[in-house]
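The values are calculated or read from the model by the stated rules, or taken from the named source; none is laboratory data. Small disclaimer: the values here were computed from a predicted structure and weren't measured. When we count neighbours, we look across all protein chains shown, and the Cβ atoms used for this are built from the backbone with ideal geometry, even at glycine. Note: areas computed on protein heavy atoms with side chains; ligands, DNA, RNA excluded. Shrake-Rupley method; radii C 1.70, N 1.55, O 1.52, S 1.80 Å.
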Amino acid sequence: MTPHSNRQRAGAEFVAERENLRPQWEGEASTGHVLQPGELDLSHKVILYLEDITVSFDGFRALNKLSLAIDAGELRCIIGPNGAGKTTMMDVITGKTRPDEGSAFFGQTLDLTRMREPEIAHAGIGRKFQKPTVFEQHSVFENLELAMKADKRVRRSLFARLSSEEGDRIAAVLERIRLAGEADRQAGLLSHGQKQWLEIGMLLMQEPRLLLLDEPVAGMTDDETERTAELFVSLAGEHSLVVVEHDMAFVEALGGKVTVLHEGSVLAEGDLPTVQNDPRVIEVYLGR
Amino acid sequence: MRTPFTVRLFNSMPRAGWAALALFALFAWVWVPLAHLALPADHALHLSSYWVSLLGKILCYMVVAVAMDLIWGYAGILSLGHGLFFALGGYAFGMYLMRQIGRDGSYGAELPDFMVFLDWKELPWYWWGTDSFLWALLLVVAVPGLLAWVFGYFAFRSRIKGVYFAIITQALTYAAMLLFFRNETGFGGNNGFTDFKRILGHGITTPEMRVVLFALSAALLAGVLLLGRYLVTSRFGRVLAAIRDAESRVMFIGYNPLHYKLFVWTLSAVLCGLAGALYVPQVGIINPSEMSPANSIEIAVWVAVGGRGTLVGAVLGAGIVNLAKSWFTVSFPEYWPFFLGFLFIAVTLFLPNGVIGLWSTLRARLGARRPAPAAAEPPVQGAAAEPPAAESSRGAVA
Ligand SMILES: Nc1ncnc2c1ncn2[C@@H]1O[C@H](COP(=O)(O)OP(=O)(O)OP(=O)(O)O)[C@@H](O)[C@H]1O
Ligand SMILES: [Mg+2]
């Protein structure tokens with residue numbers, strides 16, 4: 001889908017680019033544009049940088065010097081065998097897990113390793129969990145309302161009323177995730193696939209710049225999987241997406257660049273056919 | 001178009017709720033005063049002072065139950081230390097009541113009797129201003145509120161939850177009880193405060209005062225119910241319930257659960273403090289046994305019996321358990337603890353949604369059995385009228 005001229009941007013070029021970020025982040029902009037503290041800066045067209053991230057659990061390295069860069073508007077698939085560290089990587093990006101080493105930047109300026117979870121969500125990173133977690137006691141509509149990008153402080157939520165514009169936004173997302181007919185149903189009563197869609201809808205309500213989707217089509221029917229692929233492709237460009245998935249047909253349908261994780265670091269990166277023909281990748285998948 | 005606040009408040013409760021509230025107001029503000037003050041003592045409908053005091057006391061307990069339900073039923077935070085906030089409100093107002101005794105105490109001194117007994121020459125600094133009614137009211141709100149805020153801030157920031165949180169609250173109320181038992185603490189030791197004489201210069205044991213205190217307790221309960229109803233139907237309430245069901249998910253969509261929990265927790269403590277302040281003049285005594293761990297556990301039992309997650313349930317639970325308690329303590333006092341324990345086990349095993357849950361299950365069954373036109377309304381519809389999480393939350397209905 002999205003053209004990728006620059007394969008494999010980790011390495012020297014990437015590091016060099018990261019180096020001249022530092023002074024900018026400290027407020028001494030050399031390139032001339034004004035820095036807004038706390039705002040996403042996409043001046044280098046890269047929305048997410050991970051560099052040499054290491055995470056250990058009791059000595060076991062779930063992530064081992066992982067480096068990764070995602071372009072703004074890109075649709076990236078992450079594949080890899082079970083336990084490769086895909087979910088842990090998302091935990092690091094969303095602030096749930098602190099890396100032992102390495103740096104994680106959102107845009108040029110936002111240091112994810114120093115931000116707390118709500119701040120990261122607020123800055124524009126939305127996440128869909130591996131296990132769908134919607135608010136089962138709330139209606140589909142209320143789930144979307146809660147997720148909506150809004151002032152989320154106590155003071156505001158005490159007196160918050162849904163404006164007609166906000167109602168329209170919810171209605172639009174309900175259409176997009178094909179749950180318009182289920183708006184008043186309790187979310188706990190939805191089918192598994194519908195819950196996955198609702199969770200994607202909740203992500204969209206936050207109007208995130210970067211969406212992290214952990215196995216979004218797990219448990220979906222083929223038909224639902226196909227529609228999900230269509231939805232994601234339509235979201236790319238406006239949003240950046242990082243999709244973790246085991247379903248190769250789905251990865252193929254998405255058509256973006258693919259990164260293979262293995263034992264906590266990047267094994268290969270490129271479009272799907274290239275990656276599938278990479279002997280190291282074949283060994284990892286067949287050797288198990 | 002923005003809907004005015006009053007209209008939203010009105011719409012936050014079904015018409016039946018308003019009707020029930022109106023009936024309650026009629027009972028508390030018209031019937032009780034008339035039956036107690038106007039009807040002669042030998043009249044069949046005369047309400048004795050025993051009953052006015054008992055009902056007034058239960059109204060205060062109901063406020064505590066609603067406060068407990070707000071944090072337990074809606075935010076999923078089980079406190080087993082709510083008796084502390086209730087007692088602190090009681091003590092704060094009790095200080096004022098002690099000062100109102102003036103020189104009518106048994107030693108005829110300016111200082112409260114227990115201080116004379118300890119041979120103290122002047123009031124400790126924290127008794128400053130307690131001769132002022134307004135200052136006392138401020139303390140009633142501020143002391144439980146501040147303690148709850150500070151405690152909650154550290155507990156919620158450290159993400160202490162569930163059983164651990166409950167145990168720490170037990171420890172807190174227990175520690176406070178030990179502190180208040182000491183004479184040196186300056187709150188009358190194990191005797192606490194008693195022998196009150198006046199409020200704002202008016203005799204505290206007069207029938208009029210009794211009725212006024214009763215009516216104020218009823219007003220507090222009505223106000224707390226309205227406030228609670230508004231809260232749980234607002235977006236704030238939906239966030240709270242979401243925190244209860246999936247806290248980390250709430251964080252990922254950008255809410256900070258700390259602030260939400262802290263707000264409702266502090267509010268809940270303040271409501272308990274207010275209830276305690278009205279309770280003390282009605283029962284005429286406050287002592288450290290109000291802070292005993294068992295008292296706080298009892299509060300949780302009221303809510304469990306009534307049905308957590310519904311405000312009406314909390315009120316019913318407090319009413320049922322306390323009426324039963326006053327009957328037991330008159331008829332077979334030694335069996336009360338066993339009955340309470342039995343009740344708690346029975347409710348946990350058979351009525352996870354409490355009396356309210358039982359009622360909605362029965363109503364749903366009856367609804368389903370009714371012939372054609374009525375059966376068109378599915379049972380789920382009836383459940384939807386209840387506040388969120390009343391039904392299927394504990395999976396009992398299904
Ligand atoms: N909190 C934790 N404590 C200890 N070990 C953990 C923890 N979280 C993850 N791990 C381990 O880290 C490794 C990577 O886990 P992770 O969940 O990131 O894998 P994954 O690539 O998402 O796998 P899957 O495809 O099964 O979802 C696994 O071996 C896992 O057991
Ligand atoms: Mg995973």
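List of remarks:
- Of everything in the stretch A:43-86 that is within 16 Å of ligand 2 (Cβ to nearest atom) and not in a strand (DSSP E or B), the residue that is farthest from the other protein chains (Cβ to nearest Cβ) is A:P81.
- The combined condition, being farther than 30 Å from B:L178 by Cα, surrounded by fewer than 16 Cβ atoms within 10 Å (Cβ to Cβ) and among the hydroxyl-bearing types (S, T, Y), is not fulfilled by B:S12.
- Residue count for the stretch A:87-117, restricted to those that are open to solvent by 10 Å² or more (accessible area, probe 1.4 Å), within 13 Å of ligand 2 (Cβ to nearest atom) and within 14 Å of another protein chain (Cβ to nearest Cβ): 4.
- Test result for B:L111, open to solvent by 20 Å² or more (accessible area, probe 1.4 Å) and within 30 Å of B:T266 (Cβ to Cβ): no
- Looking only at the stretch A:195-208, and only at residues there that are more than 30 Å from A:D41 (Cβ to Cβ) and not hydrophobic (A, V, I, L, M, F, W, C), the one that is surrounded by the fewest Cβ atoms within 10 Å (Cβ to Cβ): A:K195
- Subset of the stretch A:74-84 (residues that are open to solvent by 10 Å² or more (accessible area, probe 1.4 Å) and at positive phi): A:G83
- Only listed residue being farther than 27 Å from B:N191 by Cβ, away from chain A (no Cβ under 14 Å) and assigned to a helix (DSSP H, G or I), chosen from B:A65, B:A87: B:A65
- Restricting attention to the stretch A:197-239, the residues that are within 21 Å of A:L146 (Cβ to Cβ) and either of a type in the set (G, A, S) or within 14 Å of chain B (Cβ to nearest Cβ) (or both) add up to 17.
- Unmet criterion (only one of (1) under 30 Å from B:G189 (Cα atoms); (2) assigned to a loop (DSSP other than H, G, I, E, B); (3) open to solvent by 20 Å² or more (accessible area, probe 1.4 Å); (4) not basic (K, R)) for B:S53: (2)
- Qualifying residue in the stretch B:31-49 (condition: in a loop (DSSP other than H, G, I, E, B), hydroxyl-bearing (S, T, Y) and within 14 Å of chain A (Cβ to nearest Cβ)): no
- Considering residues of the stretch A:118-133 that are more than 8 Å from chain B (Cβ to nearest Cβ) and more than 16 Å from ligand 1 (Cβ to nearest atom) only, the residue most open to solvent (accessible area, probe 1.4 Å): A:E119
- Residue in the stretch A:104-111 that is within 15 Å of ligand 1 (Cβ to nearest atom), touching a Leu at 6+ places or on another chain (Cβ under 8 Å) and at positive phi present: no
- Of the criteria (1) within 16 Å of ligand 2 (Cβ to nearest atom); (2) open to solvent by 10 Å² or more (accessible area, probe 1.4 Å), which one A:E142 fails: (1)
- Qualifying positions in the stretch B:143-163 - touching a helix residue (DSSP H, G or I) at 6+ places or on another chain (Cβ under 9 Å), surrounded by fewer than 14 Cβ atoms within 10 Å (Cβ to Cβ) and assigned to a helix (DSSP H, G or I): B:R157
- For B:R210, the test of being of a type in the set (D, E, K, R), out of contact with any Phe, Trp or Tyr (no Cβ under 6 Å at 6 or more places or on another chain), crowded, with 19+ Cβ neighbours inside 10 Å and within 14 Å of chain A (Cβ to nearest Cβ) is failed.
- Filtering B:L23, B:L34, B:L45 for residues that are touching a helix residue (DSSP H, G or I) at 6+ places or on another chain (Cβ under 8 Å), open to solvent by 80 Å² or more (accessible area, probe 1.4 Å) and of a type outside the set (F, W, Y) leaves a single hit, B:L45.
- Breaking point among (1) open to solvent by 10 Å² or more (accessible area, probe 1.4 Å); (2) outside any helix (DSSP H, G or I), for A:L211: (1)
- The helices (runs of 4 or more DSSP H) falling completely within the stretch A:222-288 that include 3 or more residues that are surrounded by 19 or more Cβ atoms within 10 Å (Cβ to Cβ) map to A:222-235, A:248-254.
- For the stretch A:47-61, filtered to residues that are among the hydrophobic types (A, V, I, L, M, F, W, C) and surrounded by fewer than 22 Cβ atoms within 10 Å (Cβ to Cβ), the residue that is farthest from A:L212 (Cα to Cα) is A:F60.
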